[in-house]
Amino acid sequence: MKSLKELYRIGQGPSSSHTMGPRNAATKFSLRNNGASSFEVTLYGSLAATGKGHMTDAAILDVLQKVAPTTIVWKPETVLEFHPNGMTFKALDDAGNIMDEWTCYSVGGGAIVTEGENAPDTPEVYDMSHIEDILNWCQINGRSYWEYVEICEGKEIWDYLAEVWDVMCAAVERGLEAEGALPGPLHLARKAPTYYIKAEGYTRSLHSRGLVFSYALAVAEENASGGQIVTAPTCGSCGVVPGVLYHLAHSREFPQKRMHRALATAGLFGNIAKHSASISGAEAGCQAEVGVACAMASAAANQLFGGSPAQIEYAAEMGLEHHLGMTCDPVCGLVQIPCIERNAIAAARAMDCNIFSTFSDGRHRVSYDHVLEVMIQTGKDIPSLYRETAQGGLAKDYQQM
């Protein structure tokens, strides 16, 4: 299993799989073909179906056009077998002959793989990839999840997680200050500043919930506007973890070190989902994005409140289980409706999962590992119309209005 640096990626929104991934692929291809006379990029399947709304073409052109003229070809009806988010890069000479050709796939979280590979060509740093095994290790050794992360990653991971936390907090704070409509044809008004102000007028319990809403909205809206965020585990679900942790950091005054440890625990649960199942909406629906984000935030919150390893696992399991079957149906292909609201609701649900697990002793029937197995199978069973193609569900209804 890869480093948390492969999960928590700092970059620009609005989509890790449709914006960050293609940008990374274009950068890699341009570096090995900086003498090309022109480029041609063909986008397939889900990547083509919602690419314009996700600014896929803009991300690719921003890189390749600096080297040579670039043409984008859209083929939403062609779905490559390896993954729905396929793309083919071609470098051409003066005569139009192909100098280099590369087909790759954006598999979520900004990661790019080539057919035949299961993961990016980076080192494996974790020797266990199932929470059941890690939970047993924690119980036998009297350790916490974050300590397992430190052992596998080395102490230098804390410097990276400190940077991740700073970027998350900055996204919340920018989002609370920004007002006006988000880019795109929906003309969707930002809600975070209003929710924050309204929350201040409520009594304690509603005040707390309103703040969680506002913080998650702030980050999700920053993502939708192309701002800098952290994939947690993706751009489309980037508001859940910071929404919860920013609230807890400020309402409970937890020290920075504890917030970094909470991020490590959240990242471990997200990393296992990425390794064992999927964090790609195009592959498994929104359950793989917002559902996994909720699991991560649930685990982090439970750790902050002193949960045992078993209680933390239970909180994460609930966070994912209650998102099973959630479709990915972005209206107009934008990461706005229903994506932004889903971040806020999932953040609130994560707080509830933490509380529910805290009341328990951590023992339960369905494990996080098993829910991941169900999640990926459910994702395969969901028709492609409901997996980030903007052809079914809410996206289709909007087109008919």
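Answer yes or no as to whether Thr358 is in contact with a strand residue (DSSP E or B) (Cβ under 8 Å, 6 or more places away or on another chain), of a type in the set (Val, Ile, Thr) and either open to solvent by less than 30 Å² (accessible area, probe 1.4 Å) or at negative phi (or both). Against the criterion (in contact with a strand residue (DSSP E or B) (Cβ under 8 Å, 6 or more places away or on another chain), of a type in the set (Val, Ile, Thr) and either open to solvent by less than 30 Å² (accessible area, probe 1.4 Å) or at negative phi (or both)), Thr358 does not qualify.
Filter the stretch 328-346 down to the residues that are out of contact with any Phe, Trp or Tyr (no Cβ under 7 Å at 6 or more places or on another chain) and assigned to a loop (DSSP other than H, G, I, E, B), then identify the one that is most open to solvent (accessible area, probe 1.4 Å). My answer is Ile337. You will find that of Arg349, Arg365, the residue that is touching a His at 6+ places or on another chain (Cβ under 9 Å) and open to solvent by 40 Å² or more (accessible area, probe 1.4 Å) is Arg349 and no other. Of all residues in the stretch 314-327, those satisfying the criterion of being open to solvent by 10 Å² or more (accessible area, probe 1.4 Å) and in contact (Cβ under 8 Å) with a residue 40 or more places away in the chain are Tyr314, Glu321, Leu324, Gly325, Met326, Thr327.
Residues that are in contact with a strand residue (DSSP E or B) (Cβ under 6 Å, 6 or more places away or on another chain) and among the charged types (D, E, K, R) within the stretch 75-95 comprise Lys75, Lys90, Asp93, listed in sequence order. In the stretch 275-301, the qualifying residues are those that are more than 19 Å from Ile345 (Cβ to Cβ) and out of contact with any strand residue (DSSP E or B) (no Cβ under 9 Å at 6 or more places or on another chain), and the one that is surrounded by the most Cβ atoms within 10 Å (Cβ to Cβ) is Ala277. As a summary of the residue check, Ala395 satisfies the conditions (1) closer than 20 Å to Ile279 by Cβ; (2) surrounded by 24 or more Cβ atoms within 10 Å (Cβ to Cβ); (3) modelled with pLDDT under 95 except for the one numbered (1). Restricting the first member to the stretch 1-30 and to residues that are under 15 Å from Asn223 (Cα atoms), and the second to residues that are open to solvent by 30 Å² or more (accessible area, probe 1.4 Å) and outside any strand (DSSP E or B), the beta-carbon pairs closer than 6 Å and six or more apart or on different chains are Thr19/Met55.
Restricting attention to the stretch 108-128, the residues that are surrounded by 13 or more Cβ atoms within 10 Å (Cβ to Cβ) and at pLDDT 95 or above total 3. Evaluating Thr327 against the criteria (1) hydroxyl-bearing (Ser, Thr, Tyr); (2) within 19 Å of the chain's Cα centre (by Cα); (3) farther than 26 Å from Gly13 by Cβ leaves one unmet condition, (3). Restricting attention to the stretch 56-107, the residues being loosely packed, with under 15 Cβ neighbours inside 10 Å, touching a residue at least 12 places away in the same chain (Cβ under 8 Å) and among the polar types (S, T, N, Q) number 2. Selection of the stretch 182-209 for residues being buried (at least 20 other Cβ atoms within 10 Å of the Cβ) and under 23 Å from Arg252 (Cβ atoms) yields Ala192, Tyr195, Tyr196. For the stretch 344-401, the set of residues classified as among the acidic types (Asp, Glu) and more than 23 Å from Thr50 (Cα to Cα) consists of Asp352, Asp361, Asp369, Glu373, listed by residue number. The set of residues in the stretch 291-325 being polar (S, T, N, Q) and in contact with a helix residue (DSSP H, G or I) (Cβ under 7 Å, 6 or more places away or on another chain) consists of Ser298, Asn302, Gln303, Gln311.
The set of residues in the stretch 154-181 being touching a Leu at 6+ places or on another chain (Cβ under 6 Å) and surrounded by fewer than 13 Cβ atoms within 10 Å (Cβ to Cβ) is empty. Residues in the stretch 376-398 that are of a type in the set (Val, Ile, Thr) and part of a helix (DSSP H, G or I): Ile376, Thr378. Which of the residues spanning the stretch 26-47 are in a helix (DSSP H, G or I) and either among the basic types (Lys, Arg) or in contact with a helix residue (DSSP H, G or I) (Cβ under 8 Å, 6 or more places away or on another chain) (or both)? Ala26, Thr27, Lys28, Phe29, Ser30, Gly45, Ser46, Leu47, listed by residue number.
Checking each residue in the stretch 66-101 for being within 24 Å of Thr389 (Cβ to Cβ) and assigned to a loop (DSSP other than H, G, I, E, B) picks out Pro76, Glu77, Thr78, Val79, Leu80, Glu81, Phe82, His83, Pro84, Asn85.
Taking the condition of being open to solvent by less than 10 Å² (accessible area, probe 1.4 Å) and out of contact with any Pro (no Cβ under 6 Å at 6 or more places or on another chain), how many residues in the stretch 250-273 meet it? Explain how you work it out, then say what you get.
Start the filter on the stretch 250-273 by keeping residues that are open to solvent by less than 10 Å² (accessible area, probe 1.4 Å), which leaves 259, 262-273.
Checking the rest, the ones that are also out of contact with any Pro (no Cβ under 6 Å at 6 or more places or on another chain) come to 259, 262-269, 271-273.
Adding up the residues that qualify gives 12.
The values are calculated or read from the model by the stated rules, or taken from the named source; none is laboratory data. Keep in mind that what you see is a predicted model, and the values were worked out from it rather than measured. Glycine gets a Cβ as well: all are built from the backbone with ideal geometry, and neighbour counts include every protein chain shown. What goes into the accessible areas is simple: the full protein's heavy atoms, side chains included, and nothing from ligands, DNA or RNA. Shrake-Rupley method; radii C 1.70, N 1.55, O 1.52, S 1.80 Å.
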